[in-house]
Amino acid sequence: MTEPDPWSVWTRPRPEPARRAPGVDQYVAAALAVADAEGLAAVSMRRIASDLGSGTATLYRYITNRDELVDLMVDAAQGEDPLPEPTPHWRTDLAAVAHAQRATLLRHPWLAAELAGRPSLGPNTLRRAESALRAAVALTPDITLASQALGAVHAYVLGSVATQQAARRAEQRTGLSEEQWQRSLGPYISAVLAAGEHPMLARRVHEAEEFDPDAEFAFGLECVLDGLAARTGR
């Protein structure tokens, strides 16, 4: 049995849709809307065809299977925003790469898991990767070290976004905002800290400032960039 070519989705010609019938872009946009609202598990070939009033067989004319559809969704998400304009400063450019990736991941909560595995190598993804590597090479001309530096930035973005998305899911699951959840824990935490066994936690609760997710992300990113500067002698 011949195995399917995983890259054919990027190389084979797309058939022209019949008059007033949806084409590939419309199917992908519909799939993105479903995944953003309900999660990637809700995306199926039958569901997307049905949402567009199309037969499933018609969808298969354009997209071979669900894996191809997901690859197209990933690449479409990666192409939503213009690439950051390069500057003379590596730090500015790597920060722009990080903020752009974060914005994309926050718009599409299902996307981080897809980017953490084997990459989808569509044209938008390749353009974004090329732009990011150019920013990293401005930090160091050593392409191996530049790739590692970019990997460190991407890992930080993925971890930060995962934390923020977990907080969103908890809010949706419990019906409590972060502030409401903290207030509900108030009596318990107060009793625990009053026992005096956790002085550092007590300081954290009573003295530390609280920052919004954007400020927390910016602080962590600066730490990552500081580390890269120290590592590369910049």
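The values are calculated or read from the model by the stated rules, or taken from the named source; none is laboratory data. No experiment lies behind these values; they were computed from the predicted model shown. Every residue, glycine as well, gets a Cβ built from its backbone with ideal geometry; the counts of neighbours run over all protein chains shown. Side chains included, ligands, DNA and RNA excluded: accessible areas come from the protein's heavy atoms. Shrake-Rupley method; radii C 1.70, N 1.55, O 1.52, S 1.80 Å.
Among what's in the range 136-146 and is surrounded by 20 or more Cβ atoms within 10 Å (Cβ to Cβ) and either polar (S, T, N, Q) or in contact (Cβ under 8 Å) with a residue 24 or more places away in the chain (or both), pick the residue that is farthest from His89 (Cα to Cα).
The first filter runs over the range 136-146 and keeps only residues surrounded by 20 or more Cβ atoms within 10 Å (Cβ to Cβ), leaving 136, 139, 146.
Still in the list and also either polar (S, T, N, Q) or in contact (Cβ under 8 Å) with a residue 24 or more places away in the chain (or both): 136, 139.
Numbers: Ala136: 11, Leu139: 9 Å.
The selected residue is Ala136.
Table: residues versus (1) open to solvent by less than 60 Å² (accessible area, probe 1.4 Å); (2) within 30 Å of Leu139 (Cα to Cα); (3) under 25 Å from the mean Cα position of the chain (by Cα).
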| position | (1), (2), (3) |
| --- | --- |
| Ala29 | yes, no, yes |
| Ala49 | yes, no, no |
| Ile63 | yes, no, yes |
| Pro86 | no, yes, yes |
| Asp93 | yes, yes, yes |
| Val97 | yes, yes, yes |
| Thr104 | yes, yes, yes |
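With (1) outside any helix (DSSP H, G or I); (2) under 16 Å from the mean Cα position of the chain (by Cα) as the list, and Glu210 as the residue in question, which single condition is left unmet?
Going through the list (1) outside any helix (DSSP H, G or I); (2) under 16 Å from the mean Cα position of the chain (by Cα), Glu210 breaks only (2).
Yes or no: the range 67-84 includes at least one residue that is over 27 Å from Pro141 (Cα atoms), open to solvent by 40 Å² or more (accessible area, probe 1.4 Å), part of a helix (DSSP H, G or I) and not polar (S, T, N, Q).
Looking for residues that are over 27 Å from Pro141 (Cα atoms), open to solvent by 40 Å² or more (accessible area, probe 1.4 Å), part of a helix (DSSP H, G or I) and not polar (S, T, N, Q), one finds at least one in the range 67-84, hence yes.
Condition check ((1) under 25 Å from Asp71 (Cα atoms); (2) among the aliphatic types (A, V, I, L, M); (3) surrounded by 13 or more Cβ atoms within 10 Å (Cβ to Cβ); (4) modelled with pLDDT under 95) across all residues:
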site: Glu114; (1), (2), (3), (4): yes, no, yes, yes
site: Arg118; (1), (2), (3), (4): yes, no, no, yes
site: Arg127; (1), (2), (3), (4): yes, no, yes, no
site: Ser131; (1), (2), (3), (4): yes, no, yes, no
site: Arg134; (1), (2), (3), (4): yes, no, yes, no
site: His154; (1), (2), (3), (4): yes, no, yes, no
site: Val157; (1), (2), (3), (4): yes, yes, yes, no
site: Ala162; (1), (2), (3), (4): yes, yes, yes, yes
site: Gln172; (1), (2), (3), (4): no, no, no, yes
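Output the residue which, of all residues in the range 188-234 that are of a type outside the set (Val, Ile, Thr), open to solvent by less than 50 Å² (accessible area, probe 1.4 Å) and without any contact (Cβ under 8 Å) to a residue 12 or more places away in the chain, is farthest from Val161 (Cα to Cα).
Filtering the range 188-234 for residues of a type outside the set (Val, Ile, Thr) gives 188, 190-191, 193-204, 206-223, 225-231, 233-234.
Subset that is open to solvent by less than 50 Å² (accessible area, probe 1.4 Å): 193, 202, 208, 215, 217-218, 220-221, 225, 227-229.
In the following step, the residues that additionally are without any contact (Cβ under 8 Å) to a residue 12 or more places away in the chain were identified as 202, 208, 215, 218.
Values: Ala202: 27, Ala208: 22, Ala215: 13, Ala218: 12 Å.
Applying the filter and picking the extreme gives Ala202.
Give me the pairs, please: first residue somewhere in the range 29-55 and without any contact (Cβ under 8 Å) to a residue 60 or more places away in the chain and within 19 Å of Arg168 (Cα to Cα), second residue anywhere and open to solvent by 40 Å² or more (accessible area, probe 1.4 Å) and in a helix (DSSP H, G or I), beta-carbon distance under 9 Å, and either six or more positions apart or on two chains.
Listed by first residue and then by second, the contacts come to Ala33/Asp51; Val34/Arg47; Val34/Asp51.
Being modelled with pLDDT of 95 or more and part of a helix (DSSP H, G or I): is that true of Arg46 here? Quick ask: steps written out before the conclusion?
Details: modelled with pLDDT of 95 or more: yes; part of a helix (DSSP H, G or I): yes.
For Arg46, the condition - modelled with pLDDT of 95 or more and part of a helix (DSSP H, G or I) - is met.
Based on what the data block shows, is Arg128 closer than 28 Å to Pro88 by Cα, part of a loop (DSSP other than H, G, I, E, B) and either of a type outside the set (Ser, Thr, Tyr) or within 27 Å of the chain's Cα centre (by Cα) (or both)?
So Arg128 fails the test.
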